[in-house]
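The values are calculated or read from the model by the stated rules, or taken from the named source; none is laboratory data. Note that the structure is predicted; figures quoted are calculated from it, not measured. Here the Cβ is made from the backbone with ideal geometry for all residues, glycine too, and neighbour counts use every protein chain on show.
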Amino acid sequence: MAGDLLGTCRTIITTCAELGLSVASAESLTAGRFIATLVDVPGASAVVRGGLVTYATDLKATLAGVDADRLEETGPVDPVVAAEMAVGAARACVADIGVSCTGVAGPDPQDGKEVGLVYTAVAFGSRAQVLEHRFTGGREAIRTRTVETMVERLGEFTTKLAFGPPAE
């Protein structure tokens, strides 16, 4: 694990522990790598509740609670699906914060969505913030960049919870 990524994970674990917050994930293309990255930090058990690997589309509905009609209409690579996955992960794992990802790592497009299109979401309560990403490179590079982005986003979110917005 890269030093900066490990440092961010340590900060997330420390901040969440100090705030009494817990974290869970619902991961598709990363297949659990995000939550595994967090638990590489000693003390993560005080914060990390668990993770759902919802690699198959139907599991996004059955495990994470994503609306099945939405999945049929848009497919799994969709911003609303990402939001529902994050909220559903927190709910299913009884966590304060949910983090999710859904996207196309390749090698081929999926449901008309190009390789490298990824949505990540961070949820707190019933609200989620979703970002769209367009990653380049091969399958491994896209999956790695997705995990890095999820860690970065959770780090930014927990920092704002702990310290509020930056002073202007």
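Here the condition is being in contact with a Phe, Trp or Tyr (Cβ under 7 Å, 6 or more places away or on another chain) and either over 16 Å from L38 (Cβ atoms) or free of Cβ contacts under 8 Å to residues at least 12 places away in the same chain (or both); of G65, G103, it holds for G103 alone. Here the condition is being in contact with a His (Cβ under 8 Å, 6 or more places away or on another chain) and of a type outside the set (D, E); of V118, V48, it holds for V118 alone. The numbered conditions (1) among the acidic types (D, E); (2) in contact (Cβ under 8 Å) with a residue 40 or more places away in the chain; (3) outside any helix (DSSP H, G or I) are all true for E18 except (3).
Please determine whether any residue of the stretch 111-119 is in contact (Cβ under 8 Å) with a residue 40 or more places away in the chain, farther than 19 Å from L5 by Cβ and in contact with a helix residue (DSSP H, G or I) (Cβ under 7 Å, 6 or more places away or on another chain). Yes, that holds for at least one residue.
Put simply, of R70, R49 the only residue that is closer than 16 Å to K113 by Cβ, surrounded by fewer than 23 Cβ atoms within 10 Å (Cβ to Cβ) and either modelled with pLDDT under 95 or of a type in the set (D, E, K, R) (or both) is R70.
For the stretch 132-162, the candidate set comprises residues that are without any contact (Cβ under 8 Å) to a residue 40 or more places away in the chain and touching a helix residue (DSSP H, G or I) at 6+ places or on another chain (Cβ under 7 Å); within that set, the residue that is surrounded by the fewest Cβ atoms within 10 Å (Cβ to Cβ) is H133. Being touching a residue at least 60 places away in the same chain (Cβ under 8 Å), surrounded by 14 or more Cβ atoms within 10 Å (Cβ to Cβ), touching a helix residue (DSSP H, G or I) at 6+ places or on another chain (Cβ under 8 Å) and under 15 Å from A24 (Cα atoms) is a property that holds for G98.
Which is farther than 21 Å from R33 by Cβ and in contact with a strand residue (DSSP E or B) (Cβ under 9 Å, 6 or more places away or on another chain), of D96, D111? Being farther than 21 Å from R33 by Cβ and in contact with a strand residue (DSSP E or B) (Cβ under 9 Å, 6 or more places away or on another chain) holds for just one of D96, D111, which is D96. Filtered by the rule that a residue be free of Cβ contacts under 8 Å to residues at least 12 places away in the same chain and assigned to a helix (DSSP H, G or I), the stretch 37-57 gives a lone residue, S45.
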